[in-house]
1. Please verify whether region 216-229 includes one or more residues that are touching a Ser or Thr at 6+ places or on another chain (Cβ under 9 Å), over 28 Å from residue 47 (Cα atoms) and either open to solvent by less than 20 Å² (accessible area, probe 1.4 Å) or modelled with pLDDT of 50 or more (or both).
2. Picking from 730, 742, which residue would you name as being within 30 Å of residue 696 (Cα to Cα) and touching a residue at least 12 places away in the same chain (Cβ under 8 Å)?
3. Among (1) surrounded by fewer than 17 Cβ atoms within 10 Å (Cβ to Cβ); (2) in a helix (DSSP H, G or I); (3) modelled with pLDDT of 90 or more; (4) not hydrophobic (A, V, I, L, M, F, W, C), which single condition is residue 448 missing?
4. Where in region 279-347 are the helices (runs of 4 or more DSSP H), entirely inside, with at least 2 residues that are open to solvent by 50 Å² or more (accessible area, probe 1.4 Å) and under 28 Å from residue 15 (Cβ atoms)?
5. How many of the residues making up region 690-701 are within 23 Å of residue 760 (Cβ to Cβ) and open to solvent by 30 Å² or more (accessible area, probe 1.4 Å)?
6. Taking region 633-654 on its own, how many of its residues are within 13 Å of residue 605 (Cα to Cα) and hydrophobic (A, V, I, L, M, F, W, C)?
7. Restricting to region 619-646, give me the number of residues that are in a loop (DSSP other than H, G, I, E, B), under 19 Å from residue 581 (Cβ atoms) and acidic (Asp, Glu).
8. Restrict the check to region 669-679 and report whether at least one residue is assigned to a helix (DSSP H, G or I), open to solvent by 50 Å² or more (accessible area, probe 1.4 Å) and free of Cβ contacts under 8 Å to residues at least 60 places away in the same chain.
Amino acid sequence: FLDGFAQAIRWNVDLMIKQQHHHHQQEQASSAEYDDSQQQEQRRNNSLEERWKRAYRMEQERFHRRTSIRNARYRRREQQSVQHLWDEALRSANLPPETIENNGLAETNIQERESNNDNGRKLQTTVRNQELVTMDAFSSPIFQLPLNEQFFITDMEDALEQFQAEIDDSESTERHELKMEFELSYERPRNTTVEDRSNMYHDAILRSISLLRVTSASDWSRIEYTDNYSNGGNDNRALEAEDYKEENEGIHDQDDNLPPNVTIHEFLQEACRQKYTLSTLEINLLLAHLVASVDTDSNTIINGCMQLYEELMLMGASGQSHSKPDATTYRILILAFNGRLTAPVEAINLSQTMMADSSVELTPEVFLEAMKACNAKMDFTTAKKLMDSALIEREFRPSLGSFIIFTEMMKALDLREETLAFFDRLQMANLLSRDAEDKLLLSICRWPRRTRRGDFVDISAFLLEILTILQRGSSSDKKPGIHLWTKLIEEMYTSAKADSSLWSHIGAAMRTILESYTGRPLNRKLVSIGLDASSFSNDPELASLLIQRSSTQNSGDGTDIDALPYEAIKSALETCLKTSDAKSAESILESMEKLDDKYPMQAKEKLYSLLLLCHAKDGNAVAAWHDLSTMVERDMNPGDDLFGAVLHALIIDGRQEEADNLFQSMEKKKNGIKIFPGALSFDAMLLGRIRSRSWDEAITLYEEMNKRAIIPSPQTIQGLILAYYHKGGQSAVKSIVNSLLQKDGLSFTERTFRLVSKILFKEVDTNLDDFRKKVRDIGEEDSTLRKVSLNLIRSVRVAEIES
């Protein structure tokens, strides 16, 4: 019977996968013309067959790993036999070892060895006859009383009664016929040991569990719909079975026959009549067969599962150590109720019962399913009780998935402080490896920014607390993974758009990464965020360090230049220019040089010009002149703004002769191109003439500007007014001011107005009344200036009141 159930599980699993594969092929065919090859490959990987194979391999690996550990434990235990332990006890009591014969322990030593395989039968083996002697079965209500209508399929009860009557009429003959019936339906593998059969049962259970893991209620409902509305009922299943046999002929070595027509109630009746004690493994096999059945409705499965579970509970309560619910029992039930049977409340109740039973050796897998059931109903109260029980009362370590599900439930309730406290609790208990800590923190970093009602949630303070955790971990030997830092900084970057105070913290986080993870490559997004942080927090040194690290990894490992985008370097140099940090600008350009010719010439020209302006603003005339010469040598075309910046730096540095030579060389052809001096270059040269008090030369420069139709800048106007004042006094200033006012496109700034006022109205600072009178007289003499003079008088009066 049991071998038939194991075979039936395999058949049902294969049939379920076959039908789902058929639906998958239909869907794939309908969308094939719209999907590319990558999408089609993704569809294949996500098919039920592929998902089941992955789950089945994982379950097998876990089972074999756990079995190896258990067998090793048994081997260590068996190394010290009863004989050995008795001898040691006698020696410690100063008694001769021969005394063991008088206590009859030699025979006990032969008979006491129990079968340690997982089939759970409590058997005793004797050396004399090697016969199996089964102990009296526990008198269970299910095994001894008439069959329960809620437990068995109704349409099979008549056949069952007839079956029982035939057994009563001729016990011996019918037993032989019963055996022959099943031998016809299922060919038992020859030379099968108890251990082989146990492994076969375990494999069937793993197949069923794997199927429950990867299927949803909708998958099963499609199968039930097909069975309920297809013509022929069970005949349809028989036809599918024949198709399955034909299509898979020769694939399975020992599975050439269809699964036997075996029902659970037949098996239970025979077990009851033979007073056979069912072990936990055998009940689990029945459960696995029941929940994976493709031709049984959900109500029948629910009733059957609960009856089998109650039977195990009764046997366990009576002292049957090998017949009580274990972790596999609960896992099958919780998986089925939370998935196929869509009864998460019952799954939660089973989870609570499991956690309350200290005799159940929990596994991370069954606890994970219990947490999934709580998550399905968002029962955080029960989930918290289960988690507290697992961490305090039970001696097992939950899996990372359980912790992540628990934190996901806290996310839905916006329990930020509780989540961090829970993480600290796990960290203090040393329940997580470094990799598991990273994955859990990675999940916590993905905190939702809106509540379930759609309200915005400010998580800035929450992210800073996570940052503190990471910074604390970075000082230890087991540092958090760089991918975790990347995710946290991405989340902080999103929040910084609404909270600018986070930029400094992002910069601090980037410095921690650079200091603690030397030699580790940084991805493009992380570098980009760091450069933005350096720009918003005016930290050019951080930008220099980031670009230096990026250029090293790009030039060394052949990484794509996208890790150092042009806009990022440009923004960093602009920050250097803003803060007058020429040293960082030099470091950035030095890093850029390592990238050879991966930037276009126009981009390089812009970057070099920013470096030149940094040197000029910093007052380093020699470096600025060198930058300009480098640009010319590399066939770049620096404009008047760059020449003007270098000329200005040379003049401020007292290098008038070098400035004159540079100014005169501008119009010489360089690479076939002439550079004509503009307003900025004339401004710089005019500044040099004013500083040297060469008023005639300053006026000559202005006249040259007039010839070239160059509109003077406000700085040029101010220098020109000073030159005319020293050359011809107030009358000369009035003349040049009138001349300038007649030029189109010229604007007087406040500084220019103040300069002219100080020259023309020297007594303004001491006697405002005379100033007002003179302005009023000017307005009366010239009607075109009447309105302007009145506005000026009013402005002076307002300024006087404000001061």
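The values are calculated or read from the model by the stated rules, or taken from the named source; none is laboratory data. Bear in mind that the values here come from a model prediction, so they are computed numbers and not experimental data. Positions of Cβ are backbone-derived with ideal geometry, glycine not excepted, and every protein chain shown enters the neighbour counts. For the accessible areas, the whole protein counts, side chains as well, though only heavy atoms, and no ligand, DNA or RNA atoms are used. Shrake-Rupley method; radii C 1.70, N 1.55, O 1.52, S 1.80 Å.
1. no
2. That would be 730, the only listed residue that is within 30 Å of residue 696 (Cα to Cα) and touching a residue at least 12 places away in the same chain (Cβ under 8 Å).
3. The failed condition is (2).
4. The helices (runs of 4 or more DSSP H) meeting that bar are 298-317.
5. Here the count works out to 4.
6. Here the count works out to 2.
7. Final tally of qualifying residues: 0.
8. Looking through region 669-679, none of the residues is assigned to a helix (DSSP H, G or I), open to solvent by 50 Å² or more (accessible area, probe 1.4 Å) and free of Cβ contacts under 8 Å to residues at least 60 places away in the same chain.
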